[in-house]
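Asks: I have a structure I would like to understand better, so I am pasting it below and will then ask my questions one at a time.
Each reported figure results from applying straightforward, stated rules to the coordinates on display, with no laboratory input. As the structure is a computational prediction, the values presented were derived from the model and not from experiment. Reconstructed Cβ throughout: ideal geometry from the backbone, glycine too, with neighbour counts over all protein chains shown.
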Amino acid sequence: MKTDVLGVGIDNLTQAEALDAGWALLKEDSFHYIVTPNPEFILAAKRDENFRHTLNNAALALPDGIGVVYAAKILGRPLQGRCPGVDFAQALMARMALEGGALFLLGAKPGVAEQAAENLRQAHPGLNICGVHDGYFREDKPVVEKIKASGADVVFVCLGAPKQELWMAQNGPLTGAKLAIGLGGCLDVFAGNVQRAPEGWQKAGLEWLYRLIKEPSRIGRMAKLPLILVDALGARLGGK
Ligand code: UDP
């Protein structure tokens with residue numbers, strides 16, 4: 001059962017439970033996709049019905065941002081905690097390195113996925129990265145064909161939201177993969193181009209502040225984020 005956070009269903013799982021749930025999806029016969037909503041997703045989904053449906057049709061929706069956790073708390077439906085997409089991806093790769101499965105990296109600027117693959121192979125010895133493709137393509141079909149030919153079981157789709165979610169829902173079933181995960185800017189992190197916040201900042205729920213200090217140009221995007229808390233408060237007071 002998902003927890004409703006302003007119209008978007010979020011799975012209330014610990015990080016370990018999320019990994020088990022993701023792993024179980026890999027064992028199923030049909031294709032599934034996983035989304036990692038942050039406050040920006042929830043605000044966008046309010047205005048964009050197609051995006052909201054796509055998020056709500058995901059097999060798993062993991063709360064990537066601390067703002068989603070705060071909003072759920074204000075709504076009176078607390079979540080167990082944050083489940084950042086980047087941590088979920090790392091845990092899944094660690095398991096794939098041990099137990100098998102082929103991974104395809106899709107997204108980011110040309111060259112980034114190649115660099116990410118190199119770093120990830122070193123970080124997870126035994127991990128089978130079966131192919132990569134940048135995220136700036138015009139036609140879906142050649143990309144779908146490339147993933148299919150690679151024999152991928154899992155695809156990390158890193159095209160930014162809502163593009164990556166719509167892409168997974170539409171094209172995922174055609175790739176032959178079992179699982180696609182929308183992971184935003186993760187390939188930039190894996191390639192070493194973007195630094196994550198130190199652990200202390202992450203634990204304090206201040207990863208967003210660290211990112212803002214590193215990339216001040218995000219201020220315009222981030223300034224809207226407190227709106228999710230205002231919306232949550234409005235919904236709570238309105239008895240929703
Ligand atoms: N991106 C892409 N294709 C596009 C637009 C974006 O591959 O058409 C990539 C972009 O290069 C970046 C990622 O998608 O690596 C999304 O970055 P963003 O900062 O929006 O994601 P967030 O970190 O907020 O999840």
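The rows are residues; the columns are (1) away from the ligand (no atom under 11 Å from the Cβ); (2) assigned to a loop (DSSP other than H, G, I, E, B); (3) aromatic (Phe, Trp, Tyr); (4) within 18 Å of the chain's Cα centre (by Cα).
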| residue | (1), (2), (3), (4) |
| --- | --- |
| Trp167 | no, no, yes, yes |
| Gly184 | no, yes, no, yes |
| Asp188 | no, no, no, yes |
| Arg196 | no, yes, no, yes |
| Trp201 | yes, no, yes, no |
| Leu212 | yes, no, no, no |
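Asks: Here is a further query. How many residues, within the stretch 2-21, are over 20 Å from Thr54 (Cα atoms), charged (D, E, K, R) and part of a loop (DSSP other than H, G, I, E, B)?
Replies: So the answer is 0.
Asks: Applying the selection to the stretch 130-161, what residues are away from the ligand (no atom under 13 Å from the Cβ) and in contact with an Asp or Glu (Cβ under 9 Å, 6 or more places away or on another chain)?
Replies: Selection gives Cys130 alone.
Asks: Follow-up. Only one of Ala191, Ala116, Ala169 is closer than 26 Å to Ser30 by Cα and small (Gly, Ala, Ser); which?
Replies: Numbers: Ala191 fails: closer than 26 Å to Ser30 by Cα; Ala116 fails: closer than 26 Å to Ser30 by Cα.
Only one candidate passes the filter, namely Ala169.
Asks: Take Ala91 and tell me if it is under 17 Å from the mean Cα position of the chain (by Cα), within 16 Å of the ligand (Cβ to nearest atom), of a type outside the set (Phe, Trp, Tyr) and assigned to a helix (DSSP H, G or I).
Replies: no
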